[in-house]
Each structure stands twice: as C-alpha cells, then as structure tokens.
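Below: one structure, written as structure tokens.
The values are calculated or read from the model by the stated rules, or taken from the named source; none is laboratory data. Given the structure is predicted, the values throughout are model-derived calculations rather than measurements. Because the Cβ atoms are built from the backbone with ideal geometry, glycine has one as well, and the counts that use them run over all protein chains shown. Protein only, heavy atoms only, side chains kept; ligands, DNA and RNA dropped before computing areas. Shrake-Rupley method; radii C 1.70, N 1.55, O 1.52, S 1.80 Å.
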Amino acid sequence: MKNTVKAMMVGMALLLAGCTEGPPETQTPVLTFSQMQPISINVAQVVVQDKYTSAMKEPYVEHLFKQTPAAAARELVGKQLSPRGPDRLLRVVIEDASVIKEDLKSDDSFMGLFTYEQTERYKGRVALRFELLRNASSDFVLGHAEVVADRVITLMEDASPAEREMAFFRMNEGMMQDLYKGLQTTVQTTFGRE
C-alpha cells in the first residue's frame, strides 16, 4: 500500500512537472517560391538593390518577421526572374518593404471586459521598381516598370506568439503572391523575351 501511494505521488509530481512547460513550439514555414514558374527576361543580368531601411522600432515592425518582406522580395526576384538575353541589365530596386503597426480602439465598457477584440492592425507594403539599363556601368534608364503589393491584417488581443508569427507569415506570403503576379504581367510584358 505504501509503495502504491509513493508511486502515485511520483506520478503526480511528473504530471505536474510536465504541466509547467509551455506549449510545444510550432514551426512557422518559410517562403521558398518552389511552386512558382521562373519568368524569362530579355536581359543578360538581374541585379537587386535594396533602398529600404527599416526603422527597427514601432510603428515599423517588419524586423519582427521571421523572414522580412525585403528578404522575401529579394529571394522572389532572384529565383523567379530568369535572364535569357544577350545583353543589358535589369535593376530591381526595393523602394518599400515596410509593415506598420496600428493599435485599434478597444471597448472600455463593462461588456468589453468579457469579449476578445481585434486590437492590432498591420499594414504591409512592398514596392519594387524595375529599370532596364544598357550595362552595369550605365545609369541611363531605357525602360522602367513598377510593381506594388499591399496587405492588411488584424490580430486579436489574445493572439499567442505562434499565432502572431503565422499571421506575419501569411501577410508576407500574400504580398509575395501579388508581386509574382506583377512579375508575370507588368515585368514580363515590359522586359520579356523579344
């Protein structure tokens, strides 16, 4: 009987110890763009220039993303634009890759104490400018195009860190899908194979 009680106490201690650990860490996916088809461009070289500098403080929060919008845009352009021409250079300038956080007004009434509300809004924007140049040493622009992606998400006040990270991923994914559509239409039409 004494051994049974001791075994139960050890079991309870192990159970309680297990309860003190947080929830299992979830793995947020990373954008790979493997499902997208490369786009042939009639240039010999594609160069990406990042002109956007994050403020690294609120209201700008893009630096909190596991994969920043700027990094995702660089990877998208690098993987999806396929130079197939004999000459010329396509310069891709990342002009904006920001995500701005806005606090939403909450219900301060008595009833508001019993409801979870959307308390944060995030506005994401990625703007790319495409410039066709004769070569790397030339600054004379032969042609240009622009592609912009905007997304807005809101989060509940009780959003967990994992939910927030997944929401950021979904925002980034949506913006990259919009940019890819722009690459397929505007960019391919302007700088595609002749």
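What the table shows:
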| item | result |
| --- | --- |
| Cβ-Cβ under 8 Å pairs, at least 6 apart or on other chains, segment 49-74 side open to solvent by less than 60 Å² (accessible area, probe 1.4 Å), far side modelled with pLDDT under 95 and β-branched (V, I, T) | Q67/V30 |
| Among the candidates A55, A7, residue that is over 29 Å from L90 (Cα atoms) and either out of contact with any Gly (no Cβ under 9 Å at 6 or more places or on another chain) or at pLDDT below 90 (or both) | A7 |
| Residue ID - farthest from D50 (Cα to Cα), chosen from residues in segment 143-167 that are open to solvent by 70 Å² or more (accessible area, probe 1.4 Å) and part of a strand (DSSP E or B) | V152 |
| Criterion violated by E25 - all others in (1) of a type outside the set (A, V, I, L, M, F, W, C); (2) in a loop (DSSP other than H, G, I, E, B); (3) modelled with pLDDT of 90 or more satisfied | (3) |
| Residue within segment 105-118 that is within 22 Å of K57 (Cα to Cα), surrounded by 12 or more Cβ atoms within 10 Å (Cβ to Cβ) and modelled with pLDDT under 90 present | yes |
| Identity of the residue in segment 135-180, touching a residue at least 12 places away in the same chain (Cβ under 8 Å) and β-branched (V, I, T), that ends up nearest to L90 (Cα to Cα) | V147 |
| Enumeration of residues in segment 32-48 that are open to solvent by 40 Å² or more (accessible area, probe 1.4 Å), of a type in the set (A, V, I, L, M, F, W, C) and in a loop (DSSP other than H, G, I, E, B) | A44 |
